[in-house]
Each structure stands twice: as C-alpha cells, then as structure tokens.
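Engineer: One structure, as structure tokens, below. Some questions next.
The values are calculated or read from the model by the stated rules, or taken from the named source; none is laboratory data. Since the model is a prediction, treat every value here as computed from it, not as a measurement. Note that each Cβ is placed from the backbone with ideal geometry, even for glycine, and that neighbours are counted across all protein chains shown. Only protein heavy atoms, including side chains, enter the accessible area calculation; ligands, DNA and RNA are left aside. Shrake-Rupley method; radii C 1.70, N 1.55, O 1.52, S 1.80 Å.
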Amino acid sequence: MKTINPATGELIAELPEDTQETLWKKYQEAKWAQGPWAAVPLSERIATVERFKHLLLQQIEMLATVLTAETGKPLWQAKNEVNGAIARIDWLTGNAEKYLADESMTVSESLQEVISYEPLGVVCNISAWNYPYLVGVNVFVPALLAGNAVVYKPSEFSAHTGLQIERLLHEAGVPQAVFQVAIGTGAIGKALLELPFDGYFFTGSYKTGNYIYEHVAPKMVPCQLELGGKDPLYIADDVFDVTAVAQATADGAFYNNGQSCCSVERIYVHENIYDVYVEAFVQQVKDWKIGDPHEADVYFGPLTRKEQIKVLEDQVADALTKGASLLTGGQRVEGIGYYFEPTVLVDVHHDMAVMRAESFGPVIGIMKVKDDEDALSLMQDTDYGLTAGVYAQSEERAKTILRQLNTGTAYWNCCDRVSAALPWSGRQHSGIGATLSHQGIRAFTKPKGWHLKL
Ligand code: NAD
C-alpha cells in the first residue's frame, strides 16, 4: 500500500498490506491472548496504559512529524492532538477502577444483587485518519482497560501513525497478541467484517458506517458507529463581543482544515449582528496563513485526501449556481500538494449541498436569520445529529434551542470541542453508541446481573 505526503504529493513509503490469511492469524492470536489479558489485575492494565501515555509524551516530536507527513496537519496541531490524547488517557485510566468495578445494587439479609462488567472479548476497531490519536484512544484504551484484545485498523491515510501506536503499546507492555494492527484500504476493513469479532467500533463516514452496520447485524454483537456531521451553529444577537465570537467560531469551522467530525459546518447569524459577524469572520480567515504544515505560523495545510478537492469544488459550484456569493476562497490552490483555499459563502440556503452534505474541508456557508425560531428550524433541517452550538449571552435562550435539537452534544458559547468526561455520541446519520465518559468505558463490557441468595 502506497502512502503519500499530501503537502507534496510524494511517496512516503510502501507498506505491506494484510491479507485474509494474516488477518485470520491475528484474530486467532488475539482470541487466545484475550483471556490471560483479562485475568491481569486491572491496576496492572492501568499501569500499562499509563506507560503508553508516558511514551507518547516522550516521543511527541517524532510522532507529530509522522502525523504531519501523512495527513498534512500543521505540526503544531499534530502536537496538540498527541497532547489531547494524553489528557484523554489520563481521564480514562483515572476512572477505570470506578466504572469497571462490581456494583452492589441490593444488600439484604437474604439477598445480594450485583452487576459485574465483563470484557466483550476480541474487538475490531476500524478507524479514521483525521484525528488518529484521539479517535483511536477513544476506543482502544477503554477496550484494553476493560480486558479486551483489539484488532485495530488505522485508516490507509494514517497507517504510519497506526504502526507507531502499535509499537508504543507493545513497548509499554501490552502483549503483542492483545493489540494487533491491520494495514490496508477499505478492502481490508471489509475483510475484517467477515471475522467473528465480539464487537465492532467504527469511526468514519456515514456511507461506510452504514455498510458496516448492515454487514455486522447478523452477528448480534455490539456495533458502535462514530460518523460524520453537518454541525450547525447559531449566533444570537445578545452576544457580548461579536468580533471575538466570529474569530472563535471561524476556528471552530476551520481548525484541522475543517476536517473534524465536529467542525462547525453551517452558521446561522441573527440579522441584527450579521454584517459585523461576517466581516470579522472573513477577516480572521484571511489572516490565517496557508502553506507548508511544518511552518509554525501556518494554520491551513493541505487536505489529507486528494479526492476531497472535487467534493469541495462541486459544493462551491452548486452554491454559486444557486445564488450564493463568495466572500473569499473558492478554489484549489495551483501547484503541488492538495491545497484548497479557505472558503466563505453567504446568501446560501438549504437547497445547496454546502448546507446539507458534510464538507469535511475549509468551506463554510453563513446564513442570515431573523429570529431564534428561524434558526432552530434550519438547525433541525438535517439527517445528521453529532453536535450543535448556540452563542448567546442568555444561557436559557441557548438551552431552549439546544434542547430541541436531536444531537449527542450541545455547546453553549463554545464549539468543536470534546471532553473525555462526557459521552461522545452521534444520532441519526452521525452514528450510534457512545465513547468517552463512563458510558464509553462500559461500552467495552457486557453487564452480568448476579442474584445471590444468602
Ligand atoms: P471512511 O469511512 O472513508 O473510512 C474509515 C475507515 O473505514 C478507514 O479505515 C477505511 O479504510 C475503512 N473502510 C472503508 N470502506 C470500508 C468498508 N466497506 N468496510 C470496512 N471498512 C471500510 O472515513 P474517513 O475518510 O477515514 O473519515 C472521515 C469521516 O469520519 C468523516 O465523515 C468524519 O466526520 C468522520 N469522523 C467521525 C468522528 C466521530 O467521532 N463521530 C471522528 C472522526 C471522523
């Protein structure tokens, strides 16, 4: 499998892909190794994962360089990602004892009722490239803590990072057979669906997630999907500082080149502050530098996947044909690498793809609304349900809107953020199940109810 540097279009390396035979062997090894791993005391499994965390910290410079080379993410953002993963590991290791311990539900003279949390077994984790450390850690860390073995398939666009993760987990003391990496494209992902895993945990697009859900259904095992979004944001007219909000929300839309599952993908602005907001937003976008992701002051690197250029070009063309106005950007940057100009569209409406389909790139549509009801009905008009945000001085005003949205995450005066303490979950086409928080630890377990007659 060829891996390409998206900033230069040059070959990074050719990696040997897995085959049906090697996948089967990895699965079988994991199956044998899982029981002994589950028998290791939880405190030791926690200590092992903590060693992994220290290795991440020690080797952060090199790990960030690898990540930048294969995804084009600016180096400082790559370091932020590894640091973010370290913080998540801290929360997960710090809370594993609490949420994996047996729970006593009833204690009487004649009866005890207890819940124990048993590992699922061998789980399959098929992952995305946009935040390989963060979305990987969401799955394989709690899975390992709960006593599962893991077969982890990194995206073909972040395979080198996947191999670094494997190396460091083994160095930290996770037995080789307990954490295995499957290298390959979607075909290898498909082949993994044929194996008898005890759970499937997928991060990626709705299209692939839908395919996986259908194919895994007959196995009757847990299948969690963390998929894409078309996350809306509403800026109400009582915000304190419109310019500061415009700058913060531009970052929410364009950090990581807009390639975040919870990127702000469409913005509705109250008509009373619309002009000021849009001017400050566009100014912020123009102030950010596009270029070599190794340079410290570069905000926009290349897109990770070449194919996404066409998706963005089509969305922009569709919007302009239907009456949108372009305030900045709008096209591919000529020259080497997969660069696309950061793009702001206004005069947009919901018949345009840019307001309905995930862009997953540096393209945003901003729409003027006359009041909160108008904003709410437009925010509700989507097949997705990952996050939604409202910027408003009044908490109650924001919550009134957010309560009526079918999303797994609600943001008041913030956006594009994830917390290890809260469940990360999509609804509708954004997925099913939750990672992170106590729910995301127990997602890797099967509860057993104990009825103990004394
Ligand atoms: P993708 O669906 O193209 O690929 C994801 C993974 O699935 C890759 O490892 C790929 O090789 C594999 N795959 C492809 N076809 C397959 C098949 N038929 N069977 C099994 N596996 C298959 O997604 P991507 O481009 O890697 O990621 C981008 C998408 O992920 C965006 O939609 C983004 O919003 C979403 N995402 C969601 C979250 C979240 O937490 N909700 C986090 C990150 C990314």
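Engineer: Within segment 293-311, track down each residue that is of a type in the set (A, V, I, L, M) and closer than 11 Å to Tyr339 by Cα.
Structural biologist: Selection gives Leu303, Ile309.
Engineer: How many residues are aromatic (Phe, Trp, Tyr) and closer than 17 Å to Asp90 by Cβ if we restrict to segment 28-77?
Structural biologist: The qualifying residues number 1.
Engineer: List the number of the failed condition for Val311; all other conditions in (1) open to solvent by less than 50 Å² (accessible area, probe 1.4 Å); (2) in contact (Cβ under 8 Å) with a residue 40 or more places away in the chain hold.
Structural biologist: Unmet condition: (1).
Engineer: So, in segment 193-207, of the ones that are under 15 Å from Ala128 (Cβ atoms) and crowded, with 19+ Cβ neighbours inside 10 Å, which residue ends up nearest to the ligand (Cβ to nearest atom)? Please lay out each step first, then the result.
Structural biologist: Residues of segment 193-207 under 15 Å from Ala128 (Cβ atoms): 200-207.
Retained after the next criterion (residues that are crowded, with 19+ Cβ neighbours inside 10 Å): 200-204, 206.
Details: Tyr200: 9, Phe201: 11, Phe202: 7, Thr203: 5, Gly204: 3, Tyr206: 7 Å.
Restricting to residues being under 15 Å from Ala128 (Cβ atoms) and crowded, with 19+ Cβ neighbours inside 10 Å, the top hit is Gly204.
Engineer: Would you check if there is a residue in segment 439-447 being open to solvent by 60 Å² or more (accessible area, probe 1.4 Å), farther than 30 Å from Lys98 by Cα, within 16 Å of the ligand (Cβ to nearest atom) and of a type in the set (S, T, N, Q)?
Structural biologist: Pass one, segment 439-447, residues open to solvent by 60 Å² or more (accessible area, probe 1.4 Å): 439, 446-447.
Filter again for farther than 30 Å from Lys98 by Cα, leaving none.
Scanning segment 439-447 turns up no residue that is open to solvent by 60 Å² or more (accessible area, probe 1.4 Å), farther than 30 Å from Lys98 by Cα, within 16 Å of the ligand (Cβ to nearest atom) and of a type in the set (S, T, N, Q).
Engineer: Would segment 257-276 turn up any residue that is at pLDDT 95 or above, in the same structural domain as Gln59 (by TED's automatic domain parsing), in contact with a Leu (Cβ under 7 Å, 6 or more places away or on another chain) and not in a helix (DSSP H, G or I)?
Structural biologist: Of segment 257-276, the ones at pLDDT 95 or above are 257-276.
Of the ones still in play, those that are also in the same structural domain as Gln59 (by TED's automatic domain parsing) are none.
No, segment 257-276 contains no residue that is at pLDDT 95 or above, in the same structural domain as Gln59 (by TED's automatic domain parsing), in contact with a Leu (Cβ under 7 Å, 6 or more places away or on another chain) and not in a helix (DSSP H, G or I).
Engineer: Among the residues of segment 286-299, is there at least one that is touching a Pro at 6+ places or on another chain (Cβ under 7 Å), over 20 Å from Gln247 (Cα atoms) and in contact (Cβ under 8 Å) with a residue 60 or more places away in the chain?
Structural biologist: yes
Engineer: Please verify whether segment 329-350 includes one or more residues that are within 26 Å of Gly408 (Cα to Cα) and open to solvent by 50 Å² or more (accessible area, probe 1.4 Å).
Structural biologist: Yes, because at least one residue in segment 329-350 is within 26 Å of Gly408 (Cα to Cα) and open to solvent by 50 Å² or more (accessible area, probe 1.4 Å).
Engineer: Further, regarding this structure: When segment 115-142 is examined, which residues are found to be within 9 Å of the ligand (Cβ to nearest atom) and aromatic (Phe, Trp, Tyr)?
Structural biologist: Selection gives Trp129, Tyr131.
Engineer: Look through segment 168-192, keep the residues that are polar (S, T, N, Q) and within 16 Å of the ligand (Cβ to nearest atom), and return whichever of them is least open to solvent (accessible area, probe 1.4 Å).
Structural biologist: We begin by selecting, within segment 168-192, every residue polar (S, T, N, Q); these are 176, 180, 185.
From what's left, within 16 Å of the ligand (Cβ to nearest atom): 180, 185.
Numbers: Gln180: 5, Thr185: 50 Å².
So the residue we want is Gln180.
Engineer: Can you confirm whether Ala146 is modelled with pLDDT of 95 or more, more than 8 Å from the ligand (Cβ to nearest atom) and either assigned by TED's automatic domain parsing to the domain that holds Gln28 or not β-branched (Val, Ile, Thr) (or both)?
Structural biologist: Details: modelled with pLDDT of 95 or more: yes; more than 8 Å from the ligand (Cβ to nearest atom): yes; either assigned by TED's automatic domain parsing to the domain that holds Gln28 or not β-branched (Val, Ile, Thr) (or both): yes.
In short, yes.
Engineer: Based on what the data block shows, is Gln247 within 30 Å of Pro362 (Cβ to Cβ), touching a helix residue (DSSP H, G or I) at 6+ places or on another chain (Cβ under 9 Å) and more than 15 Å from the ligand (Cβ to nearest atom)? Working first, answer last.
Structural biologist: Working: within 30 Å of Pro362 (Cβ to Cβ): yes; touching a helix residue (DSSP H, G or I) at 6+ places or on another chain (Cβ under 9 Å): yes; more than 15 Å from the ligand (Cβ to nearest atom): yes.
It is true that Gln247 is within 30 Å of Pro362 (Cβ to Cβ), touching a helix residue (DSSP H, G or I) at 6+ places or on another chain (Cβ under 9 Å) and more than 15 Å from the ligand (Cβ to nearest atom).
Engineer: Sticking with this structure for a sec: Within segment 384-401, take every residue that is buried (at least 24 other Cβ atoms within 10 Å of the Cβ) and not aliphatic (A, V, I, L, M) and give me the one that is nearest to the chain's Cα centre (by Cα).
Structural biologist: Among them, the one singled out is Thr387.
Engineer: Determine if segment 209-229 includes at least one residue that is over 18 Å from Asn138 (Cβ atoms), modelled with pLDDT of 95 or more, open to solvent by 20 Å² or more (accessible area, probe 1.4 Å) and within 9 Å of the ligand (Cβ to nearest atom).
Structural biologist: yes
Engineer: Is it true that Lys153 is buried (at least 23 other Cβ atoms within 10 Å of the Cβ), charged (D, E, K, R) and within 9 Å of the ligand (Cβ to nearest atom)?
Structural biologist: Numbers: buried (at least 23 other Cβ atoms within 10 Å of the Cβ): yes; charged (D, E, K, R): yes; within 9 Å of the ligand (Cβ to nearest atom): yes.
Here the answer is yes, as Lys153 does meet what is asked.
Engineer: Kindly state which strands (runs of 3 or more DSSP E) lie completely within segment 352-454 and contain at least 1 residues that are in contact with an Asp or Glu (Cβ under 9 Å, 6 or more places away or on another chain) and of a type in the set (Lys, Arg).
Structural biologist: Output list reads 363-369, 445-453.
Engineer: Would you check if Gly330 is assigned to a loop (DSSP other than H, G, I, E, B) and either of a type in the set (S, T, N, Q) or within 17 Å of Glu358 (Cα to Cα) (or both)?
Structural biologist: Considered against the rule, which asks whether it is assigned to a loop (DSSP other than H, G, I, E, B) and either of a type in the set (S, T, N, Q) or within 17 Å of Glu358 (Cα to Cα) (or both), Gly330 comes out as yes.
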